[in-house]
Amino acid sequence: MRRKLVVGNWKMHGSLAQNASLMNEIIEGLRPLKYADFAVCVPAPYLFQAQSLLQGTNIAWGGQNVSPYEQGAYTGAVSARMLADFGCTYALIGHSERRVLIHETNTSAAASFGMALKAGLTPIFCVGETLEERQAGVSEAVVASQMIAILNTLGLDVFSKAVQLRAVIAYEPSWAIGTGRTATPEQAQAMHTFIRGQIAERDPGVANRVRILYGGSVNPSNASQLLAMPDIDGGLIGRCSLNPNEFIAICRAASEIGSQMAG
Ligand code: PGA
């Protein structure tokens, strides 16, 4: 059984004061939830604050990006080891905003994935198509090429390490991110099945265990339906992760489904 995982992606939002109040509220709200895993991916300057407040709670924390390089003259970049230094469990890799706005490529995202594994972080590898790609009927090909970049760049060995660190995939069609336009549960389920199938071609055991999150305008009204789909193992939540009540409601939906699965 795959435990549901809900991850908040704060993006470039927050301040020390706002974060403290948000984290204190979600710590309280998520404390009783036993049947799902939770995390927030925070801007790098606030990792220490996240570590201080979330240590010992049932909420893990992570970074939003990992440099494809180990260390060196890369001004402004954050390495995987730096995230690990602040107790991060997770690191988002290849989010579509970074692919589109910062021009990250499949190859650099794959290299970042390798760096995260090397530092002992659990990568949350984001894949997904644009609206034009969906309309052109090439969504699956695009997602497959984003995933295959990992194998091409890092080789087959990457699999065992990825499994050990329980690597996560997040399907985030960019047309659904921050737009209020969500993939239907059926559309998301279909792509998740495709992604799992791609992995199963190489290793069915891994495919069965890997958690595949859906991201893109998940909110308290659509969360239960999405999370109830058999291959949707959780959510990557942007906008609603900044609102404690909405984030707690989504996490509660995940835990309720988890408890039904366990029960
Ligand atoms: P959204 O963002 O929930 O605001 O659509 C999701 C994401 O980009 O991770």
*So which trypsin sites (Lys or Arg not before Pro) in segment 123-209 pass both tests, a DSSP loop state and at most 11 other Cβ atoms within 10 Å of the Cβ?*
202
*Using Cα positions and a limit of under 18 Å, work out the aspartates and glutamates in reach of residue 11, with same-chain residues fewer than 8 apart set aside.*
97, 104, 172, 246
*Provide the per-residue ³J(HN,Hα) series for segment 132-141, in order, calculated from phi with Karplus coefficients 6.51, -1.76, 1.60 and θ = phi - 60°, each as a whole number of Hz, with x at glycine and proline positions.*
4, 5, 5, 5, 7, x, 10, 3, 5, 5
*So which lysines pass the test for residue 161, namely a Cα distance under 25 Å, with those fewer than 8 places away in the same chain ruled out?*
4, 118
_the chain: calculated mean residue ellipticity at 222 nm from DSSP helix runs of at least 4, using -39500 (n - 2.57)_ = -13500 deg cm²/dmol
*Over 29 Å, how big is the tail of the calculated P(r) for the chain, in percent of all Cα pairs?*
24
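Please tell me the relative contact order of the chain in percent, rounded to the nearest whole number, where contacts are Cα pairs under 8 Å and at least six residues apart.
Reported as a whole number, the value is 23 percent.
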*Place +1 on the Cβ of every Lys and Arg and -1 on the Cβ of every Asp and Glu in the chain, take the dipole about the Cα centre, and give the residue among 106, 46, 259 whose Cα lies farthest towards its positive end.*
259
*First measure r as the distance between the Cβ atoms of residue 200 and residue 20, then evaluate 1/(1 + (r/R0)^6) with R0 = 45 Å and state the FRET efficiency to the nearest 0.05.*
0.55
*segment 23-105 - convex hull of the alpha-carbon atoms, volume per residue in Å³*: 109
*Return the loop-located trypsin sites (Lys or Arg not before Pro) in segment 1-95 (DSSP other than H, G, I, E, B) with at most 13 other Cβ atoms within 10 Å of their own Cβ; answer none if there are none.*
34
*Suppose every K and R has +1 on its Cβ and every D and E has -1 on its Cβ; what is the size of the dipole of segment 1-115 about the Cα centre, in Debye to the nearest 20?*
340
*Which FRET efficiency value, to the nearest 0.05, is calculated for residue 85 and residue 186 with the Förster distance at 35 angstrom and r the Cβ-Cβ distance?*
0.25
*Which far-off residues, 5 or more places away or on another chain, put their amide H under 5 Å from the one on residue 38, with H placed in the peptide plane?*
6, 60
*asked:* Using only the alpha carbons of segment 110-215, what is the convex hull's orientation-averaged projected area in square nanometres?
replied: 6.5
_segment 45-142, relative contact order [Cα under 8 Å, separation at least 6], %_ = 27
*Please identify every one of the GluC sites (Glu not before Pro) in segment 135-214 that sits in a loop by DSSP and has no more than 12 other beta carbons within 10 Å of its own beta carbon.*
201
*Suppose R0 equals 25 Å; then what is the FRET efficiency for residue 75 and residue 118 from their Cβ-Cβ distance, rounded to the nearest 0.05?*
0.70
*Simple label model, 7 Å out from Cα along Cβ direction - residue 245 to residue 228, nm*: 2.4
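The numbers here are math on the coordinates, done by the rules we state, and not lab data. Because the structure is predicted, anything quoted here is derived from the model rather than measured. Cβ atoms come from the backbone with ideal geometry, glycine included; neighbour counts cover every protein chain shown.
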